[in-house]
Each structure stands twice: as C-alpha cells, then as structure tokens.
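The structure under discussion appears below in the form of structure tokens.
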Amino acid sequence: MTTPTPEVLAVIEEALVQHRAFGDSAYIVGQLEVAFLRRLERVAEAIPAAGELVAAFARCDAQQRYRLAGNTVLRCAVQHAYTRLETGKDVGLTLAESEQVILRTLQHLAEGRGGTPHENGSIALQRLGDQDFHGWIWNDAYPDDAYGHAFRRILDLEYGGVLCSIDDSELAMLRQGEQLLRELLPDLGRSALTHAHQVGCFPDLGFWRGKVSSSQIRMGGTIFLNRNMLRNPWCTAEHLLHESLHQKLYDFRHGHSLLDVDAPMENSPRVVSLWNAQEFNRANHWDTHRAFAAFHVYAQLALLATLAERRAGELEPRYGPFRGMVSSRKALDRARYLGEELHTQCASHLGLAGLRMRDWLMTILEHLDPAPPPRGAYVHLMLDLYVREANRMEMLLRAPDVAPAFVRELANAAELEIEASRYILSAVGAQPQLEQLDRQLAQPEQQFPEVRRCIAQALLQASPSGYGLNTRAKDGFDADLAVRRMVELGSDNLVLAQAGVPRAVAAAKRRAREMRFVGSSQDEVGRLLSMLAAAVPRAGRVLEVGTGVGVGLAWITTGLHQRRDVEVASIEGDRRLLDSACTWPWPEGVRLLAGDACELLPTLGDFDLVFADAAPVKYGQLDALLRLLRPGGVLVVDDLCATPTATRQEMAERDGLRLALLRHPSLQAVELDWSTRVVLATRIRDTVPA
C-alpha cells in the first residue's frame, strides 16, 4: 500500500479541521448555539425560567455558552420540552423535569461558576484533561439532584443500561489514550474532543455487552466507552476519536440538514454495511443518516490509523505495543465503499450539505489513498466479516463448557461452506487455489475457525486484484455475488447455532434487544407453544394476545411448519412494538392487529389455541377470553410466578388468576411450575356465561 508523505498527511489534517462548514469546530459550535437559543425561546412560552435563561445566556462569555449549549442534560431538557410543545407528544423528560434542569442552570450561573453545571454536585467529576475543550467523566456516585436525575432518566430512555465509575488506573489509561490521540492528530483530536462534553463508561453487561463504544444524536455531548477497553491506549485513542467525531457531525446537523427535507421517508434508501452480520433483521442495512455518520468517521479514522502505523515504533516505548486499532487499509476500504454507496443509493435523499460533505470527504480519501480498490468491489469486505466471525467462534470453542451440539452445528456449517467455496473456485478456474484448499482441509484436526481462514485465503489468492473474482468468471457467472451469498448464509447459520432456536425466533429476539423489550416469552414457554400449534386441527385458528416484537408468534408459526390451512391472529396495543414485529416476513395466514385487545376480542370469532400474554386481558377480561375458546380449545397463560420486584398486590393478582383458571368449571387445567409458571387449560363444555 502506497501511503502519502508526512507533508501530505499534515495538509489532510489541516483540511479536516479548517473547512468552514464541515471541519471548523468554532463554526459548528456557533451554529449549535443558535439552534439551542431558538428552542429555548420557544420553551420560554411554557416555562418562564427558560426566558430567564435566554437573558442569562446572552450575558455569558464564549466559554460559558459553549459549555451550556453542549451539556447533554440541558440540551435534552430544552429539546424534549420544545418537542412536547411543538408536537403535543410525550417525549423524554417531562416539562416539570425540564424546568428543574433550567432552574439548576440559572443557579449555576448566578453563583458565578464556570465549566459544566454537573460540577455543582457533591461528587467532584474528573476531567479528561486540563484544557478548556476537555470534557468531564461521569461518576455513578453523582447525586440524584436535578441534573443527576435527568441524566439517568435520559440514559434509561435512550439506552436502557447503566454506567459505572472507573478506578484510578482506568482513568489514567483514558487520559493516556487522549494524549496519544492528540500526539498523532493534535489539531483533529482537539477539534473532535471539543464536541465530547462528557465521557460515560459502561460495564460489559446487559444491554452494553459486546459494545465497544457508543453515542447518538439524542444524547448530544456525551460519548460512551466500554471500561474493558481502558487497558490499551491505542484502542482508547481510536474510540475517543470515533465517538467524538460522531458528536461533531451531530452538532453540525443542528445547524444544517444532511438530507433533502422534501425527500420521502417511506422506503428510504439503505446502505448495506457488508462487514457486519445481517442477523435476519437486516441489521446491517443502514439508513442514510447512519451510513453518512459511519462514512464521516471512517474517512478520518483512516488518517489516524495511517499515522499510528507509521509512528508505532517511535511511540510504543511510551504507549505500549501497537495493537487493537483499526488498520488504515480497513478504514480506507470501508470509507470509500460507504462514500460510493451514498452516491449510488442515497444521492436523491441527500440535501445540498450532505452532497457537498460527501464530495469533500471523497476528495480527502483520494489524497489519503492513491491506490484504492476498484469501484464497486466488495468481496474483501465480505471476507473481513467472514474471518472476524471465525475468530469469534474460536474464542467460544475454547470455553470449557462449550456444548457438543454447538460443535456439531459448526461442523455442519463448515461442510456447507467448503462445498460453496469449492464450487466458486472451480467456476473461476482457480485450480491451484482449489488444490491447495483441498490439501489444507485434508488435515483431520482442522476446526471450523481454521476451515474458514483457509477458505478466505484461497478466495483472496484467486482474486487478481485482491478485491474480487469476477474478472476471472466465465459464462456470466457472478463469482463475487456467490461469495457474498456464501458469507451471508454462513453468518446466519452461526447466529442460529449460538441461539439454539428457530430462525424466526432468533430474529425476534434480535428485535427485542434492539427495542430493549424485556417482556418476550421464555424459550420453555415458546417450545410449548410450538408443540401446541403443531396439534391445531385442520382449518384451525390461533390467537395471541400481546404480540410484543413477535417472539411468541415466531414459536407458534414455527410449530405450524408452513401450514396454510391455519389462521393466526396476534394483537398488540403498542404501535412501536407492532411495527417492529411487522418487519419480519410472516407466513401466509398470519394477521397482526393493532389496537386494544379488550375491544378487539369480541370481533374475532373463536379459536383452537389462545395464548394470553397481555396483562390487561389476563387479569381483567378472563370471561371474554374464555368465550373465544372452541370446545377442546387450549388456553395458555404464562408469567404467573412471583418476581423479585412484584408488589403484594401483583402477587395476589397472579395467585387469583392462577386459582381462577384451575377452578373454572368449564376448563380442565394444569399448572406447570417451571419457566415463568404456566397454566395450560382446555375447554371441556360450553358453560361459559353468554
């Protein structure tokens, strides 16, 4: 790979921080302050204290205005109040909570304090460094005052996870990563960090498990890092820049629209990030904003990685072994791919600012990468995912408690991938690589990860350019597409092997994680539903009350095994959850109904199998529910166990429902004291009140 000279790299960094609209942080912050003040003036119509803050803001110096407009809690308080007033919708913090944040900010200013209003708490917050642009580091012991309460509320709304405090050694590593970042990129590092007013660290648990870092526009000003990363300054430097650049772009979007405001949002274009797994739900199909954010970051990470690779020998004595950072080649390839896709797939949705920023960053890439991949190449991106998944499987296979069934699933997956790769190599006439692959796979000790590495090596060696195989293909055979299909199918098979559940269920669980929905059916209940669905008679009917994101429904349809004679109806009152469930291609005969189940039940007819998973119906409409059961029909009611957080009233309600089902004169019922505690009942005679 040919890399630019140090002089060219310096010019590129200068361009990234000095472009008037796209790179100059002073300009971007100024535009953010204008937007903040405009919203604050609107909020003042409902919250008088906001009017006082407008006047106080005008008296602040530049540093105070920068810190106030950038503070996550104050920004969200104003934005949430503004949205409530403009739309009438319940969004985020209540008006009362927003008012408390504004009053606390006024007190902060009246006391003549600088910095962030968070400094007023009884817990002193550490800073990332001692410069004016350095942000503060969240401490989970921070008091639950107006700012602490609001921050935790916003965090729960947007992430559903909790943060943690870091110890002295982790703080030192965080600061060392920041120092390394500014040593490599003194100007760009400062510019990016200007937009990171707060750093929150999270444990590798629950919602956060597997995430390295995060940020989002709805929590402007705060970046989040996995505390496990705070062992390696190179990795820390990369992710400080990564998330801070996201915040820089988010701040830019408060003053300029990347998208064409008149572009239709229905069926908006998507960019497929080929180096990420689709996980059944097209999780790697990014909308224009997300694709643009990744493009913006990778184009600049490529500069960081190029400099780090060049200076690693010089810097390792101070910062330790050079490892954990994205390679410059990978960053360049991803950036160029995203830039090209934004042009070919999303150009009609980009506004003037988006088009010009895209072109500007592509010009930067041309200088940073004089020998890019051929336009439209993508096999190298697919094989990157392919090998990374192999490495992850290798770690799982090393676990002492690895399940034999999982090992067998991987062996079966390997056989499919070997067959597919042999076919591709044969079709493009890569006989030497095919023979080499056969020799490598003949070794009996080869496990799934090594099989994948051998396949990836053979395919790359068969590629004349290292980026694709189509130049060798004959008779119209699309070898690149064949590689893509092999990788995507293999990725899906890995998800299934790890999940240990049917494809539709695995996809629904993925949706539940994305939506932070915790009310889905447990696997034990799901398998019971699947078995009962398989027993539904010909021309039968099934009802689920409480779709959620579709986990229970997925178990039911799996048990039906593509039967077309059975009608399935599922009711959900939360439109957001139902919209998520509707993204799955359900079989013919499945209807998802939006509305209040209590109102819909009398209109639906009778059923052979009813799964009651919605509390209002279970506890308030039992007789209406039983009227839906045909003679011999089966009713399943779950979630009858006492949870650690259940109140006495809730426990009494669950016991009451359980006993009502077990003692009902028209039901033959049994209690299954496992999973979430289930009552299974069959209607034995038509004695339900009319």
Original post:
Rounded, prolate or oblate: which one fits the range 163-231, using the alpha carbon gyration tensor with axes a ≥ b ≥ c (rounded when a/c is under 1.5, else prolate when a/b beats b/c, else oblate)?
Top reply: oblate
Original post:
the chain: longest stretch without exposed trypsin sites (Lys or Arg not before Pro) (DSSP loop, at most 11 other Cβ within 10 Å), sites themselves excluded?
Top reply: 90-322
Original post:
What is the fewest-to-most order of Thr105, Thr647, Thr83, Thr471 by other Cβ atoms lying within 10 Å of their Cβ?
Top reply: Thr647, Thr471, Thr83, Thr105
Original post:
Counting Lys +1, Arg +1, Asp -1, Glu -1, what net charge surrounds Phe477 among other residues with beta carbon under 15 Å of its beta carbon?
Top reply: +2
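Where the eigenvalues come from the Cα gyration tensor of the range 514-683, what are the semi-axes √(5λ) of the equivalent ellipsoid, largest first, in whole Å?
Values: eigenvalues 104, 74, 46 Å².
After scaling each eigenvalue by five and taking roots: 23, 19, 15 Å.
Can you show me the helix-derived [θ] at 222 nm for the chain, built from DSSP H runs with n ≥ 4 at -39,500 (n - 2.57) apiece and divided by the number of residues, rounded to the nearest 500.
It lands at -17500 deg cm²/dmol.
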Original post:
Rounded to the nearest 5, what % of the DSSP beta bridges within the chain are antiparallel ones?
Top reply: 40 percent
Subject >> Fully extended contour minus Cα-Cα distance, from Ser465 to Ala405, at 0.36 nm per residue >> reply: 17.7 nm
Original post:
Between Arg472 and Arg329, what is the FRET efficiency for a Förster distance of 22 Å, r being their Cβ-Cβ separation, to the nearest 0.05?
Top reply: 0.45
Subject >> the range 379-499 pair-distance distribution - Cα-Cα, 10 Å bins, rounded % >> reply: 13, 47, 30, 9, 1
Subject >> Charge tally in the Cβ shell below 12 Å around Glu33, where Lys, Arg are +1 and Asp, Glu are -1, Glu33 excluded >> reply: +4
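Summing +1 for each Lys or Arg and -1 for each Asp or Glu, what net charge is found among the other residues whose Cβ lies under 14 Å from the Cβ of Gln440?
Here the count lands on -1.
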**OP:** With a bin width of 5 angstrom, please list the P(r) values of the range 116-201 as percents of all Cα-Cα pairs, from the 0 bin to the one holding the largest distance.
**Re:** 3, 13, 23, 23, 18, 13, 6, 1
Original post:
Got the relative contact order for the chain handy, in percent, Cα pairs under 8 Å and 6 or more residues apart?
Top reply: 8 percent
Original post:
Across bins of 10 angstrom width beginning at 0, how are the C-alpha pair distances of the chain distributed, in whole percent?
Top reply: 3, 12, 20, 22, 20, 14, 7, 1, 0
Subject >> Spatially near lysine pairs across the chain, Cα under 25 Å, sequence gap of 8 or more or different chains >> reply: 5
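Which GluC sites (Glu not before Pro) in the range 96-190 sit in a loop by DSSP (not H, G, I, E or B) and have at most 14 other Cβ atoms within 10 Å of their own Cβ?
Loop-located and lightly packed - Glu111.
The numbers here are math on the coordinates, done by the rules we state, and not lab data. Owing to the predicted nature of the structure, the values given are computational and were not obtained by experimental measurement. Please note: Cβ atoms are built from the backbone with ideal geometry, for glycine as well, and neighbour counts cover all protein chains shown.
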